[in-house]
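All of the numbers you see were taken from the coordinates with simple rules; none came from a lab. Note that the structure is a prediction, hence the values are computed from the model and not measured. Cβ atoms come from the backbone with ideal geometry, glycine included; neighbour counts cover every protein chain shown.
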Amino acid sequence: MPKAASIEDLLKSGAHFGHLTRRWNPKMREFIFMQRNGIHIIDLKKTRNYLQEALDEVQKLSRAGKTILFVGTKKQSTEIIKTEAIRAGMPFVTHRWLGGMLTNFSTVRKSISRMEEIERMKTDGTMAELTKKEGLMLSREQQKLEDTLGGIANMGRLPGAIFVVDIIKEHLAVSEAIKLHIPIIAMVDTNSDPDVPDYIIPCNDDSARTIQLIASQVADAIIEGAAEREAQAEEELMEQAAAEAKDDSDDEPEVKTKLRSRKKRKSAPAQDADTSAAESDEEE
């Protein structure tokens, strides 16, 4: 079971710093501990409790084999989100959210196929046969597609959930997930609406250190869930093998009986022949 970061670690990361009091969302009232110098301070006890709930759900989804899409396009989150998503073996979006990335997924897959096609042209030498201008245009097209879609190139189907750093910044991703009933797990600052995500983590969503702490915990929960899924699969295979071995063992006496019966049937004609020969000699 994944364990949420301690209050001390959350405090060190600056997770408790909210936005200016004048920029708050009243729905975040229950998560605010106090205000200091015009800034709301988040209650880290509640942060930790909600973080634990989110991590439990992430682990559960991963154990079930679900994909979790990492989304974080704000400057201070891009490298962190990319690194942690890759570590967890999950897709990510860090450049910009392309409209329809979820709601028009089939079209997005075509764009990914185009990106992969250009890469093949580079590999097999086809691009070398083009003019310099044509090759340059294709390279630019590929780079543009790679920036936007490279992180989801291996996502063959819609994700089982999305993990979002900032629901205001990523409102397009959030909106599409809601339309498709895809669960949303999100870091929620004091200026956000906590009713939007399915699982919230009330914290500072602007601090790189906080983003690093939360994203790494989400990645750890995914890895742990995947390991449990693999262990469960191996256990089921072992149980199946043991059951098959037992069936073979139970069938062995029956097989031996059948073999003895066959031997008896084969020897019977020879015995009958010997008996007939003996009777014939006696008659003579």
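Summary of computed values
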item	result
Ranking of T210, T107 by count of other Cβ atoms within 10 Å, fewest first	T107, T210
Over the chain: helical MRE at 222 nm, DSSP H runs n ≥ 4 each giving -39500 (n - 2.57), nearest 500	-20000 deg cm²/dmol
Debye log10 I(q)/I(0) at q = 0.08, 0.12, 0.14 Å⁻¹ for the chain, Cα point scatterers	-0.49, -0.83, -1.00
Part-to-part distance (alpha-carbon centres) for segment 28-64 and segment 113-154, which is given in Å	42
Burial ranking of peptide ranges 84-90, 212-218 (average Cβ count within 10 Å, highest at the top)	212-218, 84-90
Lys, Arg +1 and Asp, Glu -1 on Cβ, resulting dipole of segment 28-169 about Cα centre, debye, nearest 20	320
